[in-house]
Amino acid sequence: MNVQTPTASATPDFQLERDPHGALVMIDAEGLRHEGVLPVRAFPLSGPTEGLSLVGADGHERAWIDRVDQLPAVQRSLIEEELAQREFVPVIQRIRSVSTFATPSVWQVDTDRGATELLLEAEEAIRRLPGSALLITDSHGLLYQVRDRFGLDRGSRKLLERFL
């Protein structure tokens, strides 16, 4: 399906709504209803507003959106609500302590979702992202993000540097 690239002055040639059960429905330019579509980010961490696919229940792409932030407000809101339900990547705001500077190491951290403890099994579980961002995978496979390691408080930066 050829979807018009959204820009500030253009609108995509599909509509979004929710069905009575809360699932996302896409209505394409021909008026066909695609039930249970899911938004999937192409670059969830490095470009969260760039490149998003609306994928049908059969796993096939129904629409491509170049820039989510340029969609009309109603469509953008529906997509952001759907993504928020499926994406869970707490942002580390402070590292309170680490059990040891060798791995495995237990970290006590404050996130945007509250205080928690994570087990860092290996230094390779810390991935550098563009800019000064980091992605940390704990022993359970949960992802934690540090948006700007240089923006952390001095104590957190000092603890983190021991593992980088």
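The values are calculated or read from the model by the stated rules, or taken from the named source; none is laboratory data. All of these numbers come straight from a predicted model, not from anything done at the bench. Because the Cβ atoms are built from the backbone with ideal geometry, glycine has one as well, and the counts that use them run over all protein chains shown.
Quick look at the numbers
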{"item": "Qualifying residues in region 69-99 (those that are at pLDDT 95 or above and of a type outside the set (A, V, I, L, M, F, W, C)) - the one surrounded by the fewest Cβ atoms within 10 Å (Cβ to Cβ)", "result": "Ser97"}
{"item": "Subset of region 127-144 that is touching a Lys or Arg at 6+ places or on another chain (Cβ under 7 Å) and surrounded by 15 or more Cβ atoms within 10 Å (Cβ to Cβ) - its residue that is nearest to Ser46 (Cα to Cα)", "result": "Ala133"}
{"item": "Some residue of region 77-93 being farther than 30 Å from Val37 by Cα and of a type outside the set (Asp, Glu)", "result": "yes"}
{"item": "Of the criteria (1) within 19 Å of Pro48 (Cα to Cα); (2) surrounded by 13 or more Cβ atoms within 10 Å (Cβ to Cβ); (3) at pLDDT below 95, which one Arg149 fails", "result": "(3)"}
{"item": "Breaking point among (1) in a loop (DSSP other than H, G, I, E, B); (2) out of contact with any strand residue (DSSP E or B) (no Cβ under 8 Å at 6 or more places or on another chain), for Phe43", "result": "(2)"}
{"item": "Test for Ala10: is it modelled with pLDDT under 90 and out of contact with any strand residue (DSSP E or B) (no Cβ under 8 Å at 6 or more places or on another chain)", "result": "yes"}
{"item": "Residue within region 112-126 that is acidic (Asp, Glu), surrounded by fewer than 12 Cβ atoms within 10 Å (Cβ to Cβ), outside any loop (DSSP other than H, G, I, E, B) and without any contact (Cβ under 8 Å) to a residue 24 or more places away in the chain present", "result": "yes"}
{"item": "Test for Leu32: is it modelled with pLDDT of 90 or more and within 19 Å of Glu80 (Cβ to Cβ)", "result": "no"}
{"item": "Ala133 outside the structural domain of Ala42 (by TED's automatic domain parsing), touching a residue at least 60 places away in the same chain (Cβ under 8 Å) and small (Gly, Ala, Ser)", "result": "yes"}
{"item": "Pairs where the first residue, in region 35-54, is not assigned by TED's automatic domain parsing to the domain that holds Ala133 and β-branched (Val, Ile, Thr) and the second is part of a loop (DSSP other than H, G, I, E, B) and surrounded by 14 or more Cβ atoms within 10 Å (Cβ to Cβ), C-beta under 8 Å, 6+ apart", "result": "Val37/Gly56"}
{"item": "Unique match (being closer than 30 Å to Pro12 by Cα and more than 15 Å from the chain's Cα centre (by Cα)) among Ala42, Ala125, Ala115, Ala73", "result": "Ala73"}
